[in-house]
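I have placed the structure first, in the form of structure tokens, so that the comments after it can refer back to it.
The values are calculated or read from the model by the stated rules, or taken from the named source; none is laboratory data. Every value quoted in this text rests on a predicted model; they were computed, and no experiment measured them. Counting neighbours? That spans all protein chains shown, and the Cβs are built from the backbone with ideal geometry, glycine included. Ligands, DNA and RNA are excluded from the accessible area calculation, which covers all protein heavy atoms including side chains. Shrake-Rupley method; radii C 1.70, N 1.55, O 1.52, S 1.80 Å.
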Amino acid sequence: MIFCESVVKYYQKTAVLQSASLKVNQGSLISIVGASGAGKSTLLHIIGTLEEKDSGTVQLDGVDIDQLKVKDLADFRNQKIGFVFQFHHLLPEFTALENICLPAWIAKKPESGIQKEAQVLADILGISHRLDHKPSQLSGGEQQRVAIARALINKPKIVLADEPTGNLDQENSSEVFQLLLKLRNEYGLTMVIVTHDRQLAAQTDLTYEMKNGKIISELKNMNGENPKTS
């Protein structure tokens, strides 16, 4: 589902990614760990087409993203990829329901279907009683649940999560992470999570460690495949 080969990214003259390669099978849940500045978030943003690479190959669901024109790439991102960030990026003037529905409105999906899917997700995530509240009226854990529902409203094949529990206390971190695991299974998602929390990372299928812009090792977790070191 995700294929990255020899991805290179420079900021000014500094190499942030140095020939980073990654393969993620359909339906897998993998985590990427490493020190700050290792290139984890940059790689995730390039996979999500939010940033451009300087060289290398990125294919998502069999599509070479370099072959897509700007509008086609935006449509592909909206329909195929869901994003969850550490800082929820909810629109403060919108209710929780409106924030959830926003990607589906952009995709111009039928309003009845949008409302139904938003309610289903809200029920799963335990926020159906908070849908008419603005982000400022929600707790940090509730805001992150809204962000997760927003990421899934278009039924994407891929979900990319950048430190999704990094701004939460331990109890909320564990709850949100367990919800991500549940949603992966329920929706058959391919999921990549960047995290500093190695205890949470150990609950994913595979953990990759990054250092100096490269993936240096692959660790088999409880539900993982064969480990290897590169």
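Points worth noting:
- The overall shape of segment 167-216 is oblate: from the C-alpha gyration tensor, with semi-axes ordered a ≥ b ≥ c, the ratio a/c is 1.5 or greater and a/b is no larger than b/c.
- Tensor-based shape of segment 139-189 (alpha-carbon gyration tensor, a/c under 1.5 rounded, otherwise prolate or oblate): prolate
- Expressed as a whole percent, the accessible surface of segment 34-156 that belongs to carbon and sulfur atoms is 53, based on a 1.4 Å probe.
- For the chain: accessible area per residue (Å², 1.4 Å): 49
- Loop-resident trypsin sites (Lys or Arg not before Pro) (DSSP state other than H, G, I, E or B) in segment 40-72 with no more than 10 further Cβ atoms inside 10 Å of their Cβ: Lys69.
- Label sites at Glu171 and Lys71, each approximated as a point 7 angstrom past Cα along Cα to Cβ, lie 5.0 nm apart.
- Here the chain is treated with +1 on each Lys and Arg Cβ and -1 on each Asp and Glu Cβ, and its dipole about the Cα centre works out to around 360 debye.
- Computed label-point distance, nm, for sites Lys23 and Val63 using a 7 Å Cα→Cβ extension: 2.2
- Over the chain, DSSP H runs of length four or greater, each weighted -39,500 (n - 2.57), average out per residue to a 222 nm ellipticity of -10500 deg cm²/dmol.
- Loop-resident sites, segment 1-78, for GluC sites (Glu not before Pro), counting at most 11 other Cβ within 10 Å (DSSP): Glu52
- Distance between segment 153-189 and segment 1-76 - C-alpha centres, whole angstrom: 20
- Shape class of segment 100-230 from the Cα gyration tensor (axes a ≥ b ≥ c, square roots of the eigenvalues): prolate, since a/c reaches 1.5 or more and a/b is larger than b/c.
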